[in-house]
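Read-outs throughout are calculated quantities, based only on the coordinates presented, and are distinct from any laboratory measurement. Note that the coordinates shown come from a computational prediction; the quantities given were computed from them, not determined experimentally. Here the Cβ is made from the backbone with ideal geometry for all residues, glycine too, and neighbour counts use every protein chain on show.
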Protein chains: 2
Amino acid sequence: MPSISTKGRQMPPSPIRKLVPFAEAAKQRGTKVIHLNIGQPDIATPEVALNAIRHLDRTVIEYSHSAGYESYRRGLATYYAKHGIHVTHEQIIVTNGGSEALLFGMMACFEPGDEVIIPEPYYANYNSFALAAGVTVVPVRSTIQDGFALPPISAFEALITPRTKGILICNPGNPTGYLYSKAELERLREIVLKHDLFLFADEVYREFCYDGASHVSAMTLDGLDQHVVLVDSVSKRYSMCGARVGAFITRNAELYASVLRFAQARLSPPTFGQIASEAALATPDNYFTDVIGEYVARRNILVDGLNTIPGVTCPKPKGAFYCVAELPIDDADRFCQWLLESFSHEGHTVMMAPCSGFYTDPATGRQQVRLAYVLEQPLLLKAVDCLRAALAQYPGTDKAALASASLVG
Amino acid sequence: MPSISTKGRQMPPSPIRKLVPFAEAAKQRGTKVIHLNIGQPDIATPEVALNAIRHLDRTVIEYSHSAGYESYRRGLATYYAKHGIHVTHEQIIVTNGGSEALLFGMMACFEPGDEVIIPEPYYANYNSFALAAGVTVVPVRSTIQDGFALPPISAFEALITPRTKGILICNPGNPTGYLYSKAELERLREIVLKHDLFLFADEVYREFCYDGASHVSAMTLDGLDQHVVLVDSVSKRYSMCGARVGAFITRNAELYASVLRFAQARLSPPTFGQIASEAALATPDNYFTDVIGEYVARRNILVDGLNTIPGVTCPKPKGAFYCVAELPIDDADRFCQWLLESFSHEGHTVMMAPCSGFYTDPATGRQQVRLAYVLEQPLLLKAVDCLRAALAQYPGTDKAALASASLVG
C-alpha cells in the first residue's frame with residue numbers, strides 16, 4: 001500500500017469542523033445544537049442575488065474567463081471604489097472563495113521554507129494553505145488582555161529573519177473581531193517597506209464594522225502597490241458562503257500574471273456563483289444597515305452575556321461576527337467535545353470552535369474558544385445560559401476561578 | 001519590490017487559453033473565430049439541472065459539508081454503481097471541478113520531488129498541478145503512429161526510479177481521445193502493484209465512448225483499492241463546465257481522510273453547482289444517446305476532413321471529444337497564432353491548442369495541434385476548409401510534404 005505524503009499527514013483538521021461528528025451524534029440523541037462554531041450566518045442572501053439565479057436564461061453552463069467574467073470584475077472595481085479601494089478589473093482575479101485566493105497567493109509569492117508573520121490567534125485555515133504552499137507560519141502574539149490589538153512593531157521586528165517574505169492580516173479579524181486602526185496599519189506599512197515584504201490582507205468582513213468605527217483597507221496604504229495582496233469573498237458580505245466566490249486583488253502586475261496562470265490551470269471560478277455575485281452588487285444599502293444592526297445586537301447579547309459568567313473574559317470586538325472568550329477550564333478542546341457528548345441544558349447545547357487551532361502552539365489557546373454570533377438573538381441568549389450551566393457542571397472547570405470571580409463580580 | 005516565487009514564475013500559461021488575446025483581436029477585426037481550442041461543448045445542459053437552479057427555494061446560500069452534500073454523494077454512488085464502479089458516499093469528496101481533485105490528490109499522495117509517470121501527450125494542466133505540488137512529471141511517450149495507445153510496459157519500467165510514486169492516466173484521453181482497453185489497464189495494474197504506486201485515473205469523459213467501445217474504469221481493477229484515485233467531473237458529462245463540480249474518489253481510507261482535511265481548509269464545494277449536479281443525476285438516458293450520436297458525427301466530419309488535407313495525419317479516436325493532428329508545419333504555436341493574427345477564409349479562422357503544452361518537452365509536439373469537436377457540424381466543415389486553405393498559405397508549411405502527400409493521396 002503506497003504511503004501518503006508528509007503534507008497529507010500533517011494537514012490539520014479544521015478546528016471549526018472537526019467536532020462535527022460529535023454534533024451529529026448529539027442531534028441523533030435529540031439535543032438541539034446551537035452552532036456558534038462556524039461563520040455560517042443565518043442572514044438571508046439578498047433577493048437580488050437569488051433572483052438572478054432563479055431567472056437564469058442560459059442553456060449551456062459554460063466556463064467563464066479564468067479571471068472571472070469581465071462584467072463582474074468591472075462591477076467589483078466599482079464596488080471597491082465606493083470603499084476607497086481603487087483597482088481596475090485587470091487587477092482582480094475571481095477565485096473559488098477567499099480560500100483559493102490565499103492558496104494561489106501563497107504559492108505565487110513564497111518559496112517553500114519562506115516565513116510569513118501572522119498575528120495570532122489567526123484563522124485556522126491559514127495553517128492549511130501555508131502547509132500546502134510549504135510556507136512556515138511565524139506567529140506574533142496578540143493578547144486577550146489588549147483586546148487582540150496589533151502587537152507592537154518591535155514584536156514584528158524581533159521575528160524578522162532572512163526567510164521572512166510576508167505578513168498576513170485579517171481585518172476585521174477572524175477569530176478575534178478586532179478592527180485595525182489606521183495607525184496600526186501605518187505601522188505595518190513601515191515594516192513591510194523596510195523589509196520588502198508582501199502584505200496579505202484578508203478583508204472579507206469589510207462591511208461589518210460597529211460602534212461608528214470604519215474600515216481601513218491595506219490597499220489604501222501609500223507606496224505598497226507592489227506589496228499588497230487583497231483577499232476578498234462574497235461569502236459573508238451577502239451571506240452566501242456556498243457561492244464560493246472570492247477574489248485575489250493586486251496592483252503588482254508580475255504577481256497578477258502569475259496568479260492568472262494558476263487560475264488558468266483550474267479553468268474558471270463557478271459560473272452560477274458569479275451570476276449571483278454580480279447581481280448582488282446591486283444589493284440596496286439598507287440591507288447592510290439592517291444586517292449591521294442585527295450583528296451589533298447579537299454581539300451585545302453574546303459578549304455582554306459571556307462577561308456575566310464568573311471567570312469568563314471576552315473583549316467586545318468592533319468588527320466581523322466572532323469573538324474569542326477565555327474560559328476557566330482545563331482544555332477547550334475537551335470542553336467543546338464534552339458540551340456535545342455529555343451535556344445539555346433544557347434540551348440544548350452549544351458548539352464552539354476551540355482556539356487551539358487558531359494558535360501555532362495549540363497550548364496557547366487551551367482556555368479559549370471562538371464563538372460566531374451568526375444566529376438569532378433568542379438562540380444567543382440560550383447559548384449564554386447553556387455555557388453558564390455547562391461551566392458549573394464541567395469536571396474540568398477551575399472552581400476556584402469561578403468562586404473568586406464571583407466574589408470580585 | 002518583493003519577488004515572486006519560483007513556482008510563481010514557472011507556472012505555465014494554459015496552452016488552451018494563452019492565445020485568447022489574439023482571438024479577441026481577430027474578433028475585433030470582424031473575423032469569426034471557430035473555437036476548437038477548448039473543451040467547452042455547445043451541447044445544452046440537461047433541463048433537469050437548469051430547472052433545479054431556476055426553482056431554487058433557499059433563502060440563505062450556505063456552505064455544504066466539506067465533502068459535499070451527503071444526498072449528492074449518495075446519488076453519485078448510485079450513478080457510479082450503474083457504471084460498474086462500487087463506492088460508498090464516504091469514499092467520495094465533491095471538489096471544485098476535477099482540477100481541485102487532482103491538486104488535492106497530488107499534494108496528499110506525493111512528496112515534493114516525487115515522480116509521476118504520465119503517458120504523453122497529456123492534459124496540459126497536469127503540469128500545473130504537479131508544479132503546485134512540487135511533483136516531477138515523467139512522461140512516457142505514446143505516438144501518433146500507434147494512435148496514442150498505451151506505451152508498452154517496458155517503457156514504464158525503464159522510467160521507474162526510487163522517487164516514482166504514481167502513474168496518472170486520462171481515459172478516455174485528453175488530448176488524444178484514446179480509450180484504453182481492459183488489457184491495457186491490466187498492464188497498468190501489474191506495474192502499479194509491482195512498484196506500489198498510486199494510480200490516478202482521470203475519467204471525466206467516461207460517457208463519451210464511440211463505435212461500440214465501452215469504458216473500463218481503473219476502479220474496477222482487482223487489488224488496487226489502496227492505490228486508485230478516481231478523478232471525476234460533471235463538466236463534460238452534462239455540458240456544465242461552469243458548475244465547477246468534480247469529485248475525488250478513493251477506497252484508501254487514510255488518503256480519503258487526508259484529502260478531506262484539504263477540503264475542510266477550503267470549506268466547501270459550490271452549493272449552486274451541487275444543486276445542479278445532484279439534479280443532473282436524473283438526466284434521461286436518451287440525452288446521452290443523442291449527445292454521443294452528435295459527437296460521433298462531429299468526430300467523423302472533423303477527423304475524416306483533416307485526413308483529406310495533404311500532409312495531415314489524425315488518428316480517429318474512440319472517446320472524449322478531442323483529436324490530435326500532425327500538420328506539415330514548422331511550429332504549431334506559430335501556426336495557431338498566425339491563424340488568429342494573419343489569416344481568414346471566408347470571414348472565418350480556427351483557434352486550436354498547440355500541442356507543445358501537452359508534452360513535457362515542448363519540441364515533441366511542435367507539429368501537432370489539439371482540436372476539440374465541441375461545435376456544430378457546419379462549423380466543423382468550415383474549420384476543415386479553413387485549415388486546408390491556411391496550410392496552403394502559411395509561410396511555415398512544408399510545401400514538399402504537401403506535394404508528396406498529394407501525390408500519394
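For B:Tyr79, the distances from its label point to the matching points in the remaining copies are 2.9 nm, ordered from shortest, with each point set 7 Å beyond Cα toward Cβ. Between helix B:399-408 and chain B there is an angle of about 90 degrees, using the helix long axis and the longest principal axis of the Cα atoms. Pairs with C-alpha atoms separated by more than 22 Å, drawn from the list B:Lys194/B:Lys236; A:Lys7/B:Lys194; B:Lys7/B:Lys27; A:Lys82/A:Lys182; A:Lys82/B:Lys18, are B:Lys194/B:Lys236; A:Lys7/B:Lys194; B:Lys7/B:Lys27; A:Lys82/B:Lys18.
Residues in the stretch A:276-287 carry Karplus couplings, in order, of 5, 5, 5, 5, 5, 4, 8, 4, x, 4, 5, 4 Hz; the curve used is 6.51 cos²θ - 1.76 cosθ + 1.60 with θ = phi - 60°, and Gly or Pro positions show x. Which of these, B:Ala392, B:Ala372, B:Ala101, has the largest mean-square fluctuation under a Gaussian network model of chain B (Cα springs below 10 Å)? Maximum fluctuation in the GNM of chain B, among the listed residues, is at B:Ala392. Springs join every pair of Cα atoms under 10 Å in this Gaussian network model of chain A, and among A:Arg261, A:Arg58, A:Arg163 the largest mean-square fluctuation is at A:Arg58. Within straight-line reach of A:Lys318, meaning a Cα separation under 12 Å, sit the following aspartates and glutamates at least 8 residues removed in sequence or on another chain: A:Glu207, A:Asp211. Helix B:182-195 axis versus longest C-alpha principal axis of chain B: approximately 60°, rounded to the nearest ten. Taking a straight Cα-Cα cut-off under 12 Å and skipping sequence neighbours fewer than 8 places away in the same chain, the aspartates and glutamates within cross-link reach of B:Lys382 are B:Glu346. Between copies, the label points at B:Leu381 (set 7 angstrom from Cα along Cα-to-Cβ) are spaced 7.5 nm, reported in nanometres from shortest to longest. Summarising the strand pairing of the protein assembly as shown, around 50 percent of its internal DSSP beta bridges are antiparallel.
Relative contact order of the stretch A:47-280, taken over Cα pairs closer than 8 Å and 6 or more residues apart, is 29 percent. If you run the Gaussian network model on chain B, springs between alpha carbon atoms under 10 Å, then out of B:Leu230, B:Leu267, B:Leu340 the most flexible one is B:Leu267.
Close amide-amide hydrogen proximity is noted between B:Val231 and B:Ala201, B:Asp202, B:Glu203, each under 5 Å apart and 5 or more residues distant or on a separate chain (H modeled in the peptide plane; Pro and chain starts excluded).
Indicate the gyration tensor shape class of the protein assembly as shown (rounded, prolate or oblate), computed on the Cα atoms with a ≥ b ≥ c the square roots of the eigenvalues: a/c under 1.5 is rounded; otherwise a/b larger than b/c is prolate and the rest oblate. It is prolate, given that a/c is not under 1.5 and a/b is the larger ratio.
Between the alpha-carbon centres of the stretch B:305-347 and the stretch B:184-219 there is a gap of 29 Å.
Shape analysis of chain B places it in the prolate category; the axes a ≥ b ≥ c from the Cα gyration tensor give an a/c of at least 1.5, with a/b above b/c.
The stretch B:269-288 and the stretch A:154-182 have their alpha-carbon centroids 43 Å apart. A:Ile160 label point (Cα plus 7 Å toward Cβ) to equivalent points in the other copies: 5.3 nm, shortest first. Among beta bridges identified by DSSP and lying wholly in the stretch B:47-280, the antiparallel ones come to about 35 percent.
With a cut-off of 15 Å between beta carbons, the residues surrounding B:Pro354 carry a summed charge of -2, where Lys and Arg count +1 and Asp and Glu -1.
Between the Cα long axis of helix B:377-393 and the first principal axis of chain B there is an angle of about 50°, rounded to the nearest 10. Dividing the helix sum by the residues of chain A, where each DSSP H run of 4 or more adds -39500 (n - 2.57), gives a mean residue ellipticity at 222 nm of -11000 deg cm²/dmol. Overall, the anisotropy analysis places the stretch A:268-308 in the oblate class: the square-rooted eigenvalues a ≥ b ≥ c of its C-alpha gyration tensor yield a/c not less than 1.5, with a/b not exceeding b/c.
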